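Okay, so here's the structure we're looking at.
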Amino acid sequence: MLVYLNGDWIPAESARVSVFDRGFIFGDSVYEVIPVYGHRPFREAAHLARLKASMAAAGMDERLGPVHWPAVCARLAETLQSGDGILYLQVTRGAAPRQHGFPVNAPLTLFAYARPRVSEPAGSAAHEVTAIVCDDIRWGRCDIKTTSLIANVLLVQEALTRGADEALLIRDGRVNEGAVSNVFAVCDGQLRTAARSHLILGGITRDVVLELAAQLGISVLECAPSRDELTGAQEVLITSSGREVAAVTHIDGRPVGNGRPGPVFDRLHTAFQAFKEDVRMGRRA
Ligand SMILES: Cc1ncc(COP(=O)(O)O)c(C=O)c1O
């Protein structure tokens, strides 16, 4: 497998980054994950805009790592044999003697690779997950897509240890998002999800789902549900580049609604699959 590293294309086994890289030392680094369908990156412009926003929020100077990401993404997407997969892009503040303050003029480290989808979700059963509820132990800038993910790692591991797939995160009594996904609850027929703020990552899949909901005439309220609203919800969904749109059938071992994916999920899932096929066929970006 060839990976992109600082302007070069190198076999993954021989790609090297300094042990003094700030991504390694401080987690001083941001990233993106872009799904690919039919060799076409999904919502590439939005993903690259978010990468730029994460870099700006982290005070990273783009001039220290010039790169034309669309060309890198196109080349990586071509390497995916089945045409479907995930692009991973990472930018760190570069290698420098260990001091917290920004180094002067250290070139950014730029890394990217592609991997096939582990298993292409087939049918709606692959889009059913279970979840637990946890306190949101993360920092206050969840809108920055940083690789400093130890809190998310601990939360996902807690979910796995308890036999679930995802952790839904509560802060100040509200369910803002999941450890690796955005969260939607259907309450009284209305689709509820947290508004964009520093408390969530503005998911690209979330944005697509909000667009599809508008097209389908599903009423939406961008206000994070309370814990009680989550518990009493008719349906709960999560969205992410990896999982697409998934129905949460059980939370903390108790069924959501009747414990089966509900009608709002079915409509959004069907619409998302159709949207994806349009991307695959080049009918839309
Ligand atoms: C914390 C968090 N929220 C939301 C998302 C969903 O974002 P996207 O739909 O852009 O993949 C992710 C994806 O990894 C995430 O880690």
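The values are calculated or read from the model by the stated rules, or taken from the named source; none is laboratory data. Keep in mind that what you see is a predicted model, and the values were worked out from it rather than measured. Here the Cβ is made from the backbone with ideal geometry for all residues, glycine too, and neighbour counts use every protein chain on show. Each accessible area value is taken on the protein alone, full model and side chains, heavy atoms only, with ligands, DNA and RNA left out. Shrake-Rupley method; radii C 1.70, N 1.55, O 1.52, S 1.80 Å.
How big is D for region 2-116, in µm² s⁻¹ as a whole number, if Stokes-Einstein is applied with the Kirkwood radius of its Cα pairs at 10 °C and 1.306 mPa s? Intermediate values should be presented prior to the final figure.
Values: Rh = 14.5 Å.
Diffusion coefficient, whole number: 109 µm²/s.
For the chain, take the longest principal axis of its alpha carbons; what is the angle in degrees between that and the long axis of helix 69-78, to the nearest 10 within 0 to 90?
Taking Cα atoms only, the helix is inclined about 70 degrees.
Using only the alpha-carbon atoms, how far is helix 150-161 inclined from the longest principal axis of the chain? Give it as 0 to 90 degrees, nearest 10.
40 degrees
With a 10 Å radius around each residue's Cβ, average the other Cβ atoms per peptide and rank 233-241, 153-161, highest first. Write out the running numbers ahead of the final one.
Values: 233-241: 23.4, 153-161: 15.7.
Packing proxy ranking, top to bottom: 233-241, 153-161.
Compute the signed sum of charges (Lys and Arg +1, Asp and Glu -1) over the other residues within less than 15 Å, Cβ to Cβ, of Arg283.
Working: positive: Arg40, Arg43, Lys276, Arg280, Arg284; negative: Glu277, Asp278.
Result for the local shell: +3.
With charges only on Cβ, +1 for K and R and -1 for D and E, what is the dipole size of the chain about its Cα centre, in debye, rounded to 20? If you can, show how the numbers build up before the last one.
Details: 30 positive and 32 negative charges, 104 e Å.
For the chain, the charge dipole is close to 500 debye.
Starting from the eigenvalues of the Cα gyration tensor, five times each then square-rooted, give me the equivalent ellipsoid semi-axes of region 132-285, largest first, whole Å.
On the way: eigenvalues 107, 70, 45 Å².
Whole-Å semi-axes of the equivalent ellipsoid: 23, 19, 15.
Assuming R0 = 22 Å, what is the FRET efficiency of Asn6 and Tyr88, from their Cβ-Cβ distance, to the nearest 0.05?
Working: r = 15 Å, r/R0 = 0.70.
E(calc), rounded to 0.05, equals 0.90.
What do you get for the angle between helix 263-280 and the principal long axis of the chain? Use alpha-carbon atoms, 0 to 90 degrees, nearest ten.
30 degrees
Counting Lys +1, Arg +1, Asp -1, Glu -1, what net charge surrounds Arg75 among other residues with beta carbon under 14 Å of its beta carbon?
Details: positive: Arg40; negative: Asp8, Glu44, Glu78.
Taking every other residue near Arg75 into account, the sum is -2.
At q = 0.14, 0.22 Å⁻¹, what is the base-10 log of I(q)/I(0) for region 129-197 according to the Debye formula with one equal point scatterer per Cα and no solvent? Please give it to two decimals.
Computed log10 I(q)/I(0) values: -0.42, -0.98.
Divide by every residue of the chain the summed helix terms, -39500 (n - 2.57) for each DSSP H run of at least 4, and state the resulting mean residue ellipticity at 222 nm, rounded to the nearest 500 deg cm²/dmol. It would help to have the intermediate numbers written out before the result.
Working: 7 runs with 77 residues, N = 285.
Using -39500 (n - 2.57) per qualifying helix, the result is -8000 deg cm²/dmol.
About its Cα centre, what dipole magnitude does region 2-116 give when the only charges are +1 on Lys and Arg Cβ and -1 on Asp and Glu Cβ, stated in debye to the nearest 20? All intermediate terms of the calculation are to be shown ahead of the outcome.
Values: 11 positive and 10 negative charges, 36 e Å.
Computed charge dipole of region 2-116: roughly 180 debye.
Among DSSP beta bridges lying fully in the chain, give the percent that are antiparallel, nearest 5.
Numbers: 48 of 60 bridges.
Percent antiparallel among DSSP bridges in the chain is about 80.
Give me the percent of the accessible area of region 1-109 that comes from carbon and sulfur atoms, probe 1.4 Å, all protein chains in place.
Details: 3180 of 5490 Å².
Within region 1-109, the accessible surface is 58 percent carbon and sulfur.
How large is ³J(HN,Hα) for each residue in region 197-204, as worked out from phi by the Karplus curve 6.51 cos²θ - 1.76 cosθ + 1.60 (θ = phi - 60°), to whole Hz, x for Gly and Pro?
6, 5, 8, 9, 7, x, x, 6
Per residue, how big is the convex hull around the C-alpha atoms of the chain? Give it to me in cubic angstrom, could you? All intermediate terms of the calculation are to be shown ahead of the outcome.
On the way: hull volume 37.0 nm³, N = 285.
Residue-normalised Cα hull volume stands at 130 Å³.
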